[in-house]
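Input: a single structure, listed below in structure tokens.
The values are calculated or read from the model by the stated rules, or taken from the named source; none is laboratory data. Please read all numbers here as calculations on a predicted model, not as lab measurements. Don't worry about glycine lacking a Cβ; one is built from the backbone with ideal geometry, like all the others, and counts go over all protein chains shown.
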Amino acid sequence: MKKLSYCLSFVVLVSSAMLAQAGSELRFCLRAEPKTFNPLLAADDASETIRYLTGGVLLRVNRLTQDLEPELATDWKITNGGKTITFELRDGLQFSDGTPFSAEDVAYTVQQLMDPALHSPTGDSFRSGEGKVETRVARKNRITITFPAPIAGLDRLFDQVAVMSAKSSQKEMAVLGPYYVAENKAGSYIVLKRNPYYWRKDPVGHALPYIESVHLDIQQNRDAEMLRLTRGQIDFINSIDAEYFDKLAAQDPAMAHDAGVSLDSEQMWFNQVVSAPLPVYKKMWFTSTNFRRAVSEAINREDMARIVFHGHARPAAGPVSPANKFWFNAKLAPHPFDQKSALQRLTQDGFHLQGGVLRDHEGHAVEFSVITNSGNKYRERMATMMQQDLSGIGIKLNVVTLDFPSLIERITRTFDYEACLLGLVNDDLDPNAQMNVWLSSSDTHQWNPSEKTPATAWEAEVDRLMRAQASNPNPKKRKEYYDRVQEIAWEQEPFIYLVNKNALSAVSASVHNVHPVALRPQVYWNVDELSLSSEFARNR
Amino acid sequence: MKYARIVAIAFLVAVSLGCLLADYIAPASYARQFREEPNAAPSRQHLLGTDDLGRDRFSRVLYGTRVSLLLAPAAALLSSLLAALIGGIAGFAGGWLERLVMAGTDLFLSLPWLFLLITVRALLPLNVSPLVSVAITFALLGCLGWAGAARVICADARSLAHSDFVLLARASGSDGFRLLWRHLLPNLKPVLYAQFWISVPVFILTEANLGILGLGVAEPLPSWGSLLREMESFSTVSGQPWQFVPLILFIVVVSSFHVVLSKEELPA
Amino acid sequence: MLLGGLLGATLVRLAPGFGVDEEELDSRLSKQSIQAMRASHGYDDRLGVFYLDYLNRLAHGDLGTSRTLDRPVAQLVAERFPETLESVGLGLALGWTLGFALAIAVVMSRAWYLDLFSSLLAGILLCLPAAVMALLFVVVQAPVRLLLGLVVFPKVFRYSRNLLARSADLPHVLTARAKGLGNLRVLLWHILPTAGPQLLALAGVSVSVAFTAAIPMEALCDIPGIGQLAWKAALGRDVALLINLTMIVTLVTMVANSFSDFLGKSSRTAA
């Protein structure tokens, strides 16, 4: 089967090469201007796009198979209980400006990455304990990196580390990826040109990438983006909204791609911060597992997936999406929509319905607000649907949309909120990426950040399990621990997971060898193998 | 034009009655989601179809009209009166007072009031009722929307202050407040009417855009602005012309206001 | 102007959301990184310290660095100001040409159908949300910069129509007509001069209106001008950018209004 897929890939690549037109340009849009071209600091979507298209990494997670594959490194070995990784690097490679590539560059990149003053989010993923990271260059194409403490899933983290040149005068603009930044008109567009020193070649020996250049327009307006796609002014939309997807699918089904459920989820949580400026009775509601479970059961997730996402989403069971094949706990199912059961749970906590209004044991009418970020139509609609669902059990929900900075201030500084509806954008399959969400002492433990000691027994258990999986090199054992974390999350509902969205994209027929997937970047994950058909070529 | 005015008045009365009697006329609650029929076309049960969440659009138009038709003209009146007072007094007084007030007006026009609005949202409790939230929004708009008109009114008042009839009024013993109130302000009417007529739709649209800050109307209460926001996605609206009804109603009501207000502005 | 900038800074500094960054929600970040991020945003700086620091840098010609775009403010403004100038210029030209021409036509012809048509047109444009207009422009592939013209036109039309109509009803104008003066002479010699100062004030105000309208328009239509910059700066609470942009807008407003005041007073003196 593997031989057959290699043969097919060969045939497709060769035909793509034949069809590829010299001077071709791939066009798509970025939703915002990149905040940085430094690959170590890339954290926003636009910067990560530039990093993916220009950066050369040692190892790459194949977005289609989710397997780890060699890139600039031909081989690697993890030793020392998960503390040390040794890479064998490809010989004779050069950066986009001709500067030779060697293990020194990898050492330089790692030192930069782990510099505590840089505060790189990618670097923080590698921070396993106190102490310095040691790099040893054994020879020109071999490097050993030793971390102060074991890191589970260490090798996969290198998918995010674009190697920088230690010697080039162009600094981070000298790259090892398929393209380099040739032109940047601030606020308007960025042009990437083919890296003449890119190391990959296709099976017949043609230099990759096939496409000469990539033109990225900065376009926030999604309607305009959609119109431009239908007019042939851009080649694809990497992530398209459900309502546009359906419209496009009706006009031209071949352009619309639903790659199935993505890693992303939408969830709501209650404010459980002890010092929050909320009335005591509300804090009691939000810290009650029965209350949270009841609210969860009163929400109709199927309707949400069907109406808000036009069927391009599915009810979520827990923190891990089924798209994460290895880590998803398949034993968990989404909480069913059952308002009777919800009311029974509430009765256990002393709530009662009085004239259609739910009241607690002190007689307070159950009313709370949910904040979400404005401008996100899906979240606004989800919140409005929850309003109707919760009114079915006598709860009055007030929907408040806020601008993002105000919302962030409330959930991270003032804690002046009751419930919050946000989404989780997941790029990493490994649970270590979510460590800071589950550790009770962490600042991003959203429902009750920076706990000095775990507030509940189940949070203490989750802390123990997350630390155990982070330091265990055995994937099976790690999965056992993390499955249990998912079960606890399912039982306790600190986050009420609502839906997992599908990965929807739209691609023009002129782009060849495209295989949209659920993992980011959905469409151009194999950008160096994409080609534009001469049959559909047009003047740009 | 006389007949046009009669028709306009009759239309405004009909719309006002319709929205005041919304509780009796509306076929369903504006909040009720008919989840089996999202984005439905017009039918006997849903005269204007349903929206994304299956809510009856006709009911939402009725209740939304009630909110906007009541609050937007009130806010426009407030901003017009503030503009008249500030611009009128400055232009009439002239000299250093006029220069000071106009400099202040220029400053007022330039400041990023967005942040005041964000601060107001922060000061309001999260559980404020949607009606209170939208009333506060319109009140704020009324308090912030006077500056542009004040400048024009100031120039107008300055001209009028030197005109013959004002000189005559002064000569006959009128001064100060009486001069301002009895002689000056009535002659500022053309500019004030223009300000009022422009402010109504501008405030309605601004209220919709303020949703981005958490102000304006909150779900599920509709307003014209929130209904018009449905139209911002052309791709979904293009195949559903009935979604244009709130916009058409909005345009016709604003035009009717114009026809009614233009009574004294052009001789027949 | 300085006062405008400092007041603007105060509003930003005191508004909620100052000093926060959406990157704080990145679960990969360590506690130390988050603390460092918060410290770098000056969340804890007192307002007085902040002002003094800014004034000190301004005195040395340093407009500061944008936190959200990580580039010098001076460079950003220099790159983007011409775009906005072009949009505002075109918008004002179109808005005034259309608005003023229609107002004159309505007043001079006294045709009720023309008045009704023009008012309907102005009404429709006032009622159309900017986002919908922007979309229509994209659909018909018209240059989006003209959108500002359609935003300015209804205001210019309505005010100038009323001002000209009032001037046209003044006794001396009626006398001029009675004496057989042609429409053009009546307009140029009697109506316009009377309404002149107010129209000039309107012109000054319309510059400020156009600049204000440019902010959402550029944000909606992805035009890389200072309007788009202001919108991003507002959402990102980028004080350095916002102070400077507020000062620019204050300066433009003051210059436009002062110029129109000066012309208005000169024309009255000349009369």
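Annotations for the structure displayed:
- Scanning the stretch A:412-429 for any residue that is within 20 Å of the chain's Cα centre (by Cα), away from chain C (no Cβ under 13 Å) and either among the hydrophobic types (A, V, I, L, M, F, W, C) or closer than 21 Å to A:S262 by Cβ (or both) turns up at least one such residue.
- Matching residues, the stretch B:133-184, being exposed (fewer than 15 other Cβ atoms within 10 Å of the Cβ), of a type outside the set (D, E, K, R) and more than 17 Å from the chain's Cα centre (by Cα): B:H162, B:F165, B:L167, B:L168, B:A171, B:S172, B:G173, B:G176, B:F177, B:W181
- The set of residues in the stretch A:316-335 that are of a type outside the set (S, T, N, Q) and in contact with an Asp or Glu (Cβ under 6 Å, 6 or more places away or on another chain) contains only A:H335.
- Residue, farthest from the other protein chains (Cβ to nearest Cβ), within the stretch A:370-384, restricted to residues that are among the aliphatic types (A, V, I, L, M) and part of a helix (DSSP H, G or I): A:M382
- The stretch B:1-95 holds helices (runs of 4 or more DSSP H) entirely within its bounds, and those carrying 3 or more residues that are among the small types (G, A, S) map to B:2-20, B:57-93.
- No other residue among A:T86, A:T99 is more than 25 Å from A:N426 (Cβ to Cβ), among the β-branched types (V, I, T) and in contact with a helix residue (DSSP H, G or I) (Cβ under 9 Å, 6 or more places away or on another chain) apart from A:T99.
- Conditions (1) in contact with a Pro (Cβ under 9 Å, 6 or more places away or on another chain); (2) farther than 20 Å from B:I251 by Cβ: number failed by B:L81: (1)
- Conditions (1) under 15 Å from A:I299 (Cβ atoms); (2) within 14 Å of chain C (Cβ to nearest Cβ); (3) charged (D, E, K, R): number failed by A:D403: (1)
- Top-ranked residue of the stretch A:184-195 - restricted to ones that are surrounded by fewer than 21 Cβ atoms within 10 Å (Cβ to Cβ) and modelled with pLDDT under 95, ranked as farthest from C:G227 (Cα to Cα): A:N184
- Checking A:Q219 against (1) surrounded by fewer than 22 Cβ atoms within 10 Å (Cβ to Cβ); (2) more than 14 Å from every other protein chain (Cβ to nearest Cβ), the condition it does not meet: (2)
- For B:R178, the requirement of being in a helix (DSSP H, G or I), more than 27 Å from B:D52 (Cβ to Cβ) and touching an Asp or Glu at 6+ places or on another chain (Cβ under 8 Å) is not met.
- Here A:M164 passes the criteria (1) more than 30 Å from A:N472 (Cα to Cα); (2) more than 14 Å from chain C (Cβ to nearest Cβ); (3) at pLDDT below 90 except the one numbered (3).
- Scanning the stretch A:432-485 for residues that are crowded, with 17+ Cβ neighbours inside 10 Å, within 14 Å of another protein chain (Cβ to nearest Cβ) and among the small types (G, A, S) yields A:A433, A:S440, A:S442, A:A470.
- Flag if B:L70 is over 26 Å from A:D246 (Cα atoms) and surrounded by 22 or more Cβ atoms within 10 Å (Cβ to Cβ): no
- Whichever residue in the stretch C:12-33 is buried (at least 22 other Cβ atoms within 10 Å of the Cβ) and among the aliphatic types (A, V, I, L, M) and, among such residues, is farthest from A:K35 (Cα to Cα): C:A15
- Unmet requirement for A:V517, which otherwise passes all of (1) of a type outside the set (S, T, Y); (2) closer than 30 Å to A:G232 by Cα; (3) surrounded by fewer than 20 Cβ atoms within 10 Å (Cβ to Cβ): (3)
- The set of residues in the stretch A:410-423 that are more than 12 Å from A:I371 (Cα to Cα) and in contact with an Asp or Glu (Cβ under 9 Å, 6 or more places away or on another chain) comprises A:T412, A:G423.
- Residues in the stretch A:372-414 that are under 25 Å from A:D241 (Cα atoms), surrounded by 22 or more Cβ atoms within 10 Å (Cβ to Cβ) and basic (K, R): A:R379 alone.
- Filtered by the rule that a residue be assigned to a loop (DSSP other than H, G, I, E, B) and closer than 17 Å to C:L7 by Cα, the stretch C:48-63 gives a lone residue, C:L63.
- Selection status of A:V425, buried (at least 21 other Cβ atoms within 10 Å of the Cβ) and among the aliphatic types (A, V, I, L, M): no
- Those helices (runs of 4 or more DSSP H) lying entirely in the stretch C:96-189 with at least 3 residues crowded, with 22+ Cβ neighbours inside 10 Å: C:112-127, C:130-140, C:147-168
- The stretch C:111-133 - residue that is at the interface with chain B (Cβ under 9 Å from one of its Cβ atoms) and either within 22 Å of C:L85 (Cα to Cα) or of a type in the set (S, T, Y) (or both) and, of those, nearest to the chain's Cα centre (by Cα): C:A130
- Of all residues in the stretch B:170-187, none are away from chain C (no Cβ under 11 Å), within 22 Å of B:L261 (Cα to Cα) and hydroxyl-bearing (S, T, Y).
- The stretch C:1-11, subset facing another protein chain (nearest Cβ under 7 Å) and surrounded by fewer than 23 Cβ atoms within 10 Å (Cβ to Cβ), residue farthest from A:N426 (Cα to Cα): C:L3
- Filter result for the condition that a residue is farther than 30 Å from A:T372 by Cβ, part of a helix (DSSP H, G or I) and not small (G, A, S), over B:F115, B:F108: B:F108
- Every residue from the stretch C:222-241 that is surrounded by 23 or more Cβ atoms within 10 Å (Cβ to Cβ), farther than 26 Å from C:L146 by Cα and facing another protein chain (nearest Cβ under 9 Å): C:R237
- Residues located in the stretch B:23-49, provided they are in contact with a helix residue (DSSP H, G or I) (Cβ under 6 Å, 6 or more places away or on another chain) and among the hydroxyl-bearing types (S, T, Y): B:Y30
- Number of the exception - A:N80 against (1) without any contact (Cβ under 8 Å) to a residue 60 or more places away in the chain; (2) loosely packed, with under 15 Cβ neighbours inside 10 Å: (1)
- In the stretch C:64-85 there is at least one residue that is away from chain A (no Cβ under 14 Å), more than 19 Å from the chain's Cα centre (by Cα) and not in a helix (DSSP H, G or I).
- B:F115 farther than 20 Å from B:E207 by Cα and buried (at least 21 other Cβ atoms within 10 Å of the Cβ): no
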